[in-house]
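Novice: Got a structure here, written out as structure tokens. Questions coming.
The values are calculated or read from the model by the stated rules, or taken from the named source; none is laboratory data. Here the structure is a predicted model, which is why all the values come from computation and not from measurement. Heads up, the Cβs are rebuilt from the backbone with ideal geometry, glycines too, and the neighbour counts pull from every protein chain shown.
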Amino acid sequence: MAAGSQMHNMTTLIKRLEAATSRLEDMAMSFEGASPSSHTSLATPVQPPALEPPKQAPSPPAPTPEPDPQQIEDFDALIKSDVQAFVDLGKEIGGLVGEQSEAVLQAFQAERTFILVTTKAKKPDPFNPELMTELHKASDTINNIRESNRVSPYFNHLSAVAEGIVALGWFFEMKPATFVNDMLGGIQYYGNKVLKEYKEKDPQHVQYIQAYYKVFRSLASFLNNHYQRGLTWNNQSDISALDALKQIQSGASQSAVAPAPAAGAPPPPPPPPPPPPPPADLGAPSSGAKEGGDMSAVFAELNQGDAITSGLRKVDKSQMTHKNPSLRASSTVPERSDSQSSLGSPISRAKSPAPGKKPKPESMRAKKPPRKDLEGSKWYIEHFDNASDIIEIPAQQNQSILISRCNKAIVKVTGKANAISIDNCTGLSIIVESLVSSLEVIKSAKFALEVGGVVPTLLLDQVDGATVYLSPESINLEVFSSKTMGVNILLPPKDEGDDTIECPVPEQIKSYVKDGVLVNEIVEHAG
């Protein structure tokens, strides 16, 4: 019985083992029948999805530009139309004319910037010349082209343009349009010469001058519309004129730079900062401490009393001017190799400013060519020396005459002029018919004046030797003199057979106090 039951248990165990083995074989076959991709996917680790490149952040919208004031828009229209047309004609002529025309465009652009400053800033007090830097540069260029090319066949062209550029200083006038129209007369003086010369020869030059006339007529019209009573400022603004100019110039420079292309990815991070410097030597004193120590040393030496002179350096006899004749002859003293003070401290002493250079005497100056020009309503007579011929001036009632640096010359003014001013002349003789106002003589010697008509006033300042011949019509002449000597006034004879009457102008004045009042009397010398 026992043996039979053991056999039954063994058989059951074998069946269970076979069943388990069969299941394992089925599972193994099921794994082998699976696809290779599934095996690969099981064996290979899952890759993370590729990161998309970061999208570029949208650029901020450009700020809306502030609209220009109406006067700026009108001035821009003037530049783009009339000024640009004039510049184009100048370029076609070329050479000095084209170069000067370009400078005119720069001057108008500089004036445009200045007008824009006045719309943004309050009026400066005092006026800052830096606001006019660019305009002055352009004006200097225009005038230098004219002055350095007086022998050019286009000198009348250059002079007409140079005369007109003065009109751009209208902002200092109470009636700018009237000022510009007055300056137009100076332009036409030279411009009409060009029109007369090139009327039949080359009409392009005629168009050039007429275009320049049009520029200033348009400028006068612009001023009548916007600045009839002078330049105005934005006094409600808190911005200074200089700050407004810098803002305008910085805005113009940024707009002139082309924008950089957009990048696909942000730039890499900056490199790490450099390592910190080695620790300073705490044992060495700082410069501030050194300076403080030096001052302490100075005060300590000042408190030495009589011993303070022990630090003075003995001067060798070779360095003493009063004991060394050769040193006095050379008029030079050797410099010390060091610049220490007498107390021995290394305190450097500032050098004294060099004396200013004295102006060269008149005889050593370079002589300029004689000049006789009518610019606008002013005659300029300059640098005539030992002129053999009489210098004749056909004057008109609205014209003034300036005579400067003429020696041993004779000037004859025909017609009735407004006024005459003479300065720095020697041996000048002038014949005048009539004047509206006065004749002024400054810093001149050996001066002679003959009056044929009426001259109300004669002003003499720092005149050494003058003779004035009066006519019966000018007998009521009033003479004002200061710092003068040797002035004689010759009156016309009362009768035909009489001689002229010579009347010296007093030179000595006696002053004294009488009854609390200063009394001045002419000193008379009885012969």
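Novice: Do any helices (runs of 4 or more DSSP H) lying entirely in the range 108-212 carry at least 1 residues that are of a type in the set (F, W, Y) and touching a Ser or Thr at 6+ places or on another chain (Cβ under 9 Å), and which ones are they?
Specialist: 176-198
Novice: Can A220 be described as small (G, A, S), without any contact (Cβ under 8 Å) to a residue 60 or more places away in the chain, surrounded by 16 or more Cβ atoms within 10 Å (Cβ to Cβ) and farther than 15 Å from V104 by Cβ?
Specialist: yes
Novice: Continuing with this model, one more query. Does S421 satisfy the criteria of being closer than 30 Å to D495 by Cα and either modelled with pLDDT of 90 or more or β-branched (V, I, T) (or both)?
Specialist: Answer is no for this residue.
Novice: Residues of the range 496-517 being touching a Ser or Thr at 6+ places or on another chain (Cβ under 8 Å) and aliphatic (A, V, I, L, M), which ones?
Specialist: Residue satisfying the conditions is V505 alone.
Novice: Among the residues of the range 224-235, how many are farther than 15 Å from P69 by Cα and either at pLDDT 85 or above or surrounded by 13 or more Cβ atoms within 10 Å (Cβ to Cβ) (or both)?
Specialist: The total comes to 4.
Novice: Is it fair to say G465 is at positive phi, in contact with a strand residue (DSSP E or B) (Cβ under 7 Å, 6 or more places away or on another chain) and assigned by the TED database to the domain that holds S404?
Specialist: It is true that G465 is at positive phi, in contact with a strand residue (DSSP E or B) (Cβ under 7 Å, 6 or more places away or on another chain) and assigned by the TED database to the domain that holds S404.
Novice: Would you say I442 is without any contact (Cβ under 8 Å) to a residue 40 or more places away in the chain, under 21 Å from I390 (Cβ atoms) and among the hydrophobic types (A, V, I, L, M, F, W, C)?
Specialist: So I442 fails the test.
Novice: So, one more: What single numbered condition from (1) at pLDDT 90 or above; (2) part of a helix (DSSP H, G or I) fails to hold for E473?
Specialist: Only one criterion is unmet by E473, namely (1).
Novice: Also: I need every pair where a residue in the range 196-212 that is in contact (Cβ under 8 Å) with a residue 12 or more places away in the chain has its Cβ under 7 Å from the Cβ of a residue that is of a type in the set (F, W, Y) and surrounded by 15 or more Cβ atoms within 10 Å (Cβ to Cβ), sequence separation at least 6 or different chains.
Specialist: H205/Y198; V206/Y198; A211/F86; Y212/F86
Novice: In the range 181-194, which residues are surrounded by fewer than 16 Cβ atoms within 10 Å (Cβ to Cβ) and without any contact (Cβ under 8 Å) to a residue 40 or more places away in the chain?
Specialist: N192
Novice: Taking the criterion of being surrounded by 15 or more Cβ atoms within 10 Å (Cβ to Cβ), of a type outside the set (G, A, S) and free of Cβ contacts under 8 Å to residues at least 12 places away in the same chain, would at least one residue in the range 111-118 satisfy it?
Specialist: Looking through the range 111-118, none of the residues is surrounded by 15 or more Cβ atoms within 10 Å (Cβ to Cβ), of a type outside the set (G, A, S) and free of Cβ contacts under 8 Å to residues at least 12 places away in the same chain.
Novice: So F480 passes all but one of these: (1) touching a strand residue (DSSP E or B) at 6+ places or on another chain (Cβ under 9 Å); (2) exposed (fewer than 15 other Cβ atoms within 10 Å of the Cβ); (3) more than 22 Å from L428 (Cα to Cα). Which condition number does it fail?
Specialist: With respect to (1) touching a strand residue (DSSP E or B) at 6+ places or on another chain (Cβ under 9 Å); (2) exposed (fewer than 15 other Cβ atoms within 10 Å of the Cβ); (3) more than 22 Å from L428 (Cα to Cα), F480 is out only on (3).
Novice: Something else: Can you find a residue that is at pLDDT below 90, more than 30 Å from Y198 (Cβ to Cβ) and surrounded by 14 or more Cβ atoms within 10 Å (Cβ to Cβ) anywhere in the range 72-94?
Specialist: no
Novice: Could you check how many residues of the range 134-178 are over 18 Å from the mean Cα position of the chain (by Cα) and polar (S, T, N, Q)?
Specialist: 6
Novice: Identify all residues within the range 188-222 that are under 28 Å from D74 (Cβ atoms) and of a type in the set (D, E, K, R); write none if there are none.
Specialist: K214, R217, listed by residue number.
Novice: Taking only the range 482-519 into account, find how many residues are under 27 Å from S444 (Cα atoms), assigned to a strand (DSSP E or B) and either of a type in the set (A, V, I, L, M) or free of Cβ contacts under 8 Å to residues at least 12 places away in the same chain (or both).
Specialist: 7
Novice: Yes or no: the range 420-433 includes at least one residue that is farther than 17 Å from I401 by Cα, in contact (Cβ under 8 Å) with a residue 24 or more places away in the chain, in a loop (DSSP other than H, G, I, E, B) and in the same structural domain as C406 (by the TED database).
Specialist: Checking the range 420-433: not a single residue is farther than 17 Å from I401 by Cα, in contact (Cβ under 8 Å) with a residue 24 or more places away in the chain, in a loop (DSSP other than H, G, I, E, B) and in the same structural domain as C406 (by the TED database).
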